[in-house]
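The values are calculated or read from the model by the stated rules, or taken from the named source; none is laboratory data. Treat the numbers as computed from the prediction; the structure is a model and nothing was measured. So basically every Cβ, Gly included, is an ideal-geometry build from the backbone, and we count neighbours across all protein chains shown. Quick note on the areas: whole protein, heavy atoms, side chains included, nothing else; ligands and nucleic acids left out. Shrake-Rupley method; radii C 1.70, N 1.55, O 1.52, S 1.80 Å.
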Amino acid sequence: MTNDAQTLLILGASGDLTARLLLPGLGALLAAGDAPPLTLVGAGMDAWDAEHWRKRVVDAFGDHGTAEQAAKVIEESTYAQADVTKAEDLRRLLDGAERPVIFFALPPAITAKACEALTEVDLPEGTRLVLEKPFGTSASSAASLNRLLTRLVPEEQVHRVDHFLGKSTVLNILGVRFANRIFEPLLTSEHVESVKIVFDEDLALEGRAGYYDHAGAMSDMIQSHLLQILAMLTMEAPLTLDPQEFRDKTSEALRATRLWGGDAKESSVRARYTAGELNGRQLPAYAEEKGVDPSRETETLAEVTLAVDNWRWAGVPFTLRSGKAVANSRKEAIITFKAAPRVPGGLHGHDAPNRLRIGFGPDMLALDFTVNGPGDPFELDPVTWDVDFGPGDLPPYGEVLRGVFDNDPMLSVRGDAAEQCWRIVEPVAAAWRAGEVPLLEYPAGSAGPDSPTRTDG
């Protein structure tokens with residue numbers, strides 16, 4: 001941990017992201033004693049006074065706010081009303097800031113305008129820029145944004161944060177794969193039938209129409225989080241976890257990834273929820289939620305099947321799926337192995353495939369396989385071995401912020417990888433805009449729509 005004093009400037013400090021995720025992560029990091037000497041500055045369009053802002057920070061820090069460093073940060077924190085797309089306002093916010101970390105807790109379009117305005121500002125030495133996904137809205141816009149960012153600071157001072165990369169379970173993928181001889185040799189097309197990465201939530205819109213209705217499940221989850229998990233599952237072993245080496249390997253995996261069969265009509269599904277009951281709540285149809293424009297046809301469930309077209313994975317379908325308002329929420333990667341070439345005659349019973357499952361909530365690892373069960377020794381029974389990873393020391397945003405303060409880019413997405421993620425999903429997005437893939441419907445609280453790409457597991 002660096003001991004140099006730093007300033008965390010949050011642009012969009014009055015928004016939902018800051019209160020719900022960013023400030024709680026910061027509070028946990030401060031309470032753990034893993035943050036540098038820090039000054040916290042919030043900026044937003046709302047005309048808040050110091051008392052209003054301080055209450056927001058106190059509420060978000062929760063019990064962590066009593067720790068010595070956290071209490072000091074709360075006491076000294078300030079807030080300023082500002083238009084972050086204006087150079088003069090940004091200049092005022094940065095006046096006197098020490099090694100500032102500028103966190104853009106803003107919609108993508110506003111982030112781009114704020115970065116444009118920063119080109120007119122003399123940034124203090126050591127400035128780092130922290131951007132939330134999605135990074136752009138297409139491969140070309142991501143490339144334009146990347147060019148703009150590197151006009152401001154060097155690439156190594158740009159942190160395109162993906163809080164999924166701060167999840168201890170996601171990082172545990174590296175340990176499972178590369179520290180266990182029993183798994184890694186089997187993770188090839190010779191042995192693997194298919195891979196699914198699923199993040200189905202039993203949450204609905206929850207008041208986030210302003211962001212979500214412009215993004216949808218594809219941009220919100222698949223283009224960002226789930227493609228990063230795919231990269232970790234498919235990358236070749238890095239020599240070390242040095243950030244450059246690690247990110248070289250994940251980018252290499254993404255460059256090999258493309259739409260399965262090249263046809264979005266056959267390899268993708270889009271749907272949105274209709275009215276239904278979820279966890280005892282009656283939910284309106286997505287199209288009737290406050291702030292939603294039904295004509296946008298924003299999807300609340302997206303599913304895409306991809307190929308990782310390299311020596312290790314050629315021929316294995318990777319299905320990425322994320323949906324909202326889905327019953328029995330699942331957050332896991334499921335690696336399904338091919339069946340045994342032949343089962344000796346005389347053994348009978350269970351014939352389900354072997355599976356390796358990595359859960360992202362709860363955080364766990366499970367192996368489904370078959371043994372001779374009790375009773376009839378010729379009867380095959382399914383068993384599962386599982387282990388609970390347990391939570392990490394910090395919440396995901398705490399891990400991400402620790403990396404930013406240390407200027408360690410391992411838990412952020414490199415510019416070329418951000419462009420590759422858009423390149424992968426663009427054929428699907430184009431087919432959806434053209435109406436080539438129908439917008440299906442599923443009742444809130446159901447398992448989601450039936451679809452050609454959907455399989456068990």
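Brief remarks follow.
- Across all directions, the average flat footprint of the convex hull enclosing the Cα atoms of the stretch 284-434 is 15.4 nm².
- Database remark: amide H of Ala285 closer than 5 angstrom to the amide H of Ala275 (H placed geometrically; neighbours at sequence offset of 5 or more, or on other chains; Pro and chain starts carry no H).
- Judged by the ratio a/c of the largest to the smallest principal axis of the C-alpha gyration tensor, the stretch 171-311 counts as prolate, that ratio being 1.5 or greater while a/b is larger than b/c.
- Accessible surface of the stretch 142-194 [probe 1.4 Å, protein heavy atoms]: carbon and sulfur percent: 53 percent
- If R0 is 45 Å, the Cβ-Cβ spacing of Leu439 and Asn407 corresponds to a FRET efficiency of close to 0.55.
- For the stretch 112-244, convex hull volume per residue from C-alpha positions, Å³: 164 Å³
- Each residue of the stretch 391-404 was assigned a 3J(HN,Hα) from its phi angle through the Karplus curve 6.51 cos²θ - 1.76 cosθ + 1.60 (θ = phi - 60°); the sequence is x, x, 5, 10, x, x, 5, x, 5, 5, 5, 4, x, 5 Hz, with glycine and proline shown as x.
- Mean projected area in nm² (Cα convex hull; one quarter of hull surface) for the chain: 23.7 nm²
- Shown for the stretch 262-377: the carbon plus sulfur share of the solvent-accessible area, taken with all protein chains present and a 1.4 angstrom probe, equals 52%.
- Accessible area expressed per residue, the chain, with surrounding protein chains retained (probe 1.4 Å, Å²): 44 Å²
- Neighbourhood charge, 9 Å Cβ-Cβ cut-off, centred on Ile197 and excluding it, Lys, Arg +1 and Asp, Glu -1: +1
- Whole-angstrom gap from the stretch 212-264 to the stretch 344-385, using each part's C-alpha centre: 30 Å
- In the stretch 1-64, one over the average inverse separation of all distinct C-alpha pairs is 12.2 Å, which is the Kirkwood hydrodynamic radius.
- Square roots of 5 times each gyration tensor eigenvalue, C-alpha, the stretch 392-434, largest first, Å: 32, 13, 6
- Among the listed pairs Lys55/Lys86; Lys196/Lys265; Lys55/Lys324; Lys265/Lys290; Lys55/Lys133; Lys196/Lys338, those beyond 25 Å (Cα-Cα): Lys55/Lys86; Lys55/Lys324; Lys265/Lys290; Lys55/Lys133
- If the convex hull is drawn through the Cα atoms of the stretch 34-81, its volume per residue in Å³: 72 Å³
- Applied to the stretch 326-336, the Karplus parametrisation 6.51 cos²θ - 1.76 cosθ + 1.60 on θ = phi - 60° returns per-residue 3J(HN,Hα) values of 9, 5, 6, 4, 10, 9, 7, 9, 10, 9, 9 Hz, with x for Gly and Pro.
- Fully extended contour minus Cα-Cα distance, from Ala50 to Glu68, at 0.36 nm per residue: 4.4 nm
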